[in-house]
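The values are calculated or read from the model by the stated rules, or taken from the named source; none is laboratory data. Given the structure is predicted, the values throughout are model-derived calculations rather than measurements. Virtual Cβ from ideal backbone geometry, glycine too; neighbours counted across all protein chains shown. For the accessible areas, the whole protein counts, side chains as well, though only heavy atoms, and no ligand, DNA or RNA atoms are used. Shrake-Rupley method; radii C 1.70, N 1.55, O 1.52, S 1.80 Å.
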Amino acid sequence: PLASLARSGTRVSALVASGRDLVAYLGGDDDNPKAFLWAEGGAPLCASEDATSASSVELLAGPTHPRLAILEGRLGMSPVHLRTVRVTKHHVNLAADEIIWIGPGSEPLTELMALGAPNGSASLFLATSRDPSHFGLAHFSLGPDSGQHAEPKWRMYENGLDPAPVHPSRLCRGDFVFYVAPNHRAPRAPQELRVARRLGNGDLVEEEVLARAKAFNDVSATDAPGGAVVAWTADRRTWALFVGCPG
């Protein structure tokens, strides 16, 4: 085991920085879960401030230091936190906590996903409520330095989802986002797995539907020669599909 007291059934995020493995995960008691960071050769660090909690974590690679994004999902307001992780061969230190956005209440299975760029900039994706009557995919553009971020852009959905799977990935020499959305407004409407190319300004274009199901639980994608393999769980089965690069 890398660490004890990890929260059962929650997603982790991992990367390598300065030759050391880093793993972000949720831990603590069920009433007040916290974000933790395990670093190879050291003890786990609590990345959540005393008065905060955590519901999703995501590590972002950077040219100098990685960053840790934390969703503090709550019934009322749900802040998104960002902390720089300063990693050396012997030490790991967390910079000051920065709140980059505060949204309305989030759903229990809401996940924060990230896509980094070689220059240190990054994108965060969060399928959540924009306000009490609108739900969609929020896209945050982050600069390479602290404080460099803009208000999110939104791709609105016809209705809300929980879970609402999202998986951004760098494929075919471009950035693509795989996400699930309902295909009309009616309650319990069938859902669609869609893929869209992300432009440099954050817009999603060239959207296509890859699959349809009553409900999707999870989505992931990985590089493959000439394209990507997309896998998802839906309707009590696990599926996979090869998607060729555009053109």
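Assorted remarks:
- Failed item in (1) open to solvent by 20 Å² or more (accessible area, probe 1.4 Å); (2) under 17 Å from the mean Cα position of the chain (by Cα), with Arg173 passing the rest: (2)
- You will find that of Ala150, Ala96, the residue that is open to solvent by 30 Å² or more (accessible area, probe 1.4 Å), modelled with pLDDT under 90 and farther than 13 Å from Ala69 by Cβ is Ala150 and no other.
- Among the residues examined, Glu58 qualifies as within 17 Å of the chain's Cα centre (by Cα), among the charged types (D, E, K, R) and assigned to a strand (DSSP E or B).
- For Gly143, the criteria (1) farther than 19 Å from Ala95 by Cβ; (2) without any contact (Cβ under 8 Å) to a residue 24 or more places away in the chain hold in every case but one, which is (1).
- Complete set of residues in the stretch 61-72 that are modelled with pLDDT of 90 or more and in a loop (DSSP other than H, G, I, E, B): Pro66, Glu72
- Complete set of residues in the stretch 153-173 that are at pLDDT 90 or above and farther than 24 Å from Thr233 by Cα: Lys153, Trp154
So that you can scan it fast, the table gives a plain yes or no per residue for (1) open to solvent by less than 40 Å² (accessible area, probe 1.4 Å); (2) in contact with a Cys (Cβ under 9 Å, 6 or more places away or on another chain):
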| position | (1), (2) |
| --- | --- |
| Leu204 | yes, no |
| Ala211 | yes, no |
| Ser220 | no, no |
| Asp223 | no, yes |
| Trp232 | yes, no |
| Trp239 | no, no |
| Pro246 | no, yes |
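- Residue within the stretch 127-134 that is modelled with pLDDT of 90 or more, open to solvent by 30 Å² or more (accessible area, probe 1.4 Å), part of a loop (DSSP other than H, G, I, E, B) and touching a Pro at 6+ places or on another chain (Cβ under 9 Å) present: no
- Taken over the stretch 34-52, residues that are part of a loop (DSSP other than H, G, I, E, B) and open to solvent by 20 Å² or more (accessible area, probe 1.4 Å) amount to 9.
- Some residue of the stretch 180-190 being on the phi > 0 side of the Ramachandran plot and open to solvent by 10 Å² or more (accessible area, probe 1.4 Å): yes
- Meeting the requirement of 1 or more residues that are out of contact with any Gly (no Cβ under 6 Å at 6 or more places or on another chain), the strands (runs of 3 or more DSSP E) wholly within the stretch 138-193 are 166-171, 174-182.
- Lone qualifier among Gly19, Gly28 - being open to solvent by less than 60 Å² (accessible area, probe 1.4 Å) and over 18 Å from Ser78 (Cα atoms): Gly28
- Cross-chain or 6+ apart pairs with Cβ under 7 Å, the stretch 45-74 first and at positive phi, then aromatic (Phe, Trp, Tyr) and surrounded by fewer than 22 Cβ atoms within 10 Å (Cβ to Cβ): none
- If the condition is being farther than 23 Å from Asp162 by Cα, over 14 Å from the mean Cα position of the chain (by Cα) and open to solvent by less than 30 Å² (accessible area, probe 1.4 Å), then the stretch 61-82 contributes only Pro66.
- Screening Val85 against (1) open to solvent by 20 Å² or more (accessible area, probe 1.4 Å); (2) in contact with a Pro (Cβ under 7 Å, 6 or more places away or on another chain); (3) closer than 19 Å to Ala17 by Cβ leaves a single unmet condition, (1).
- Hits in the stretch 111-120 (condition: open to solvent by less than 30 Å² (accessible area, probe 1.4 Å) and more than 15 Å from the chain's Cα centre (by Cα)): Gly120
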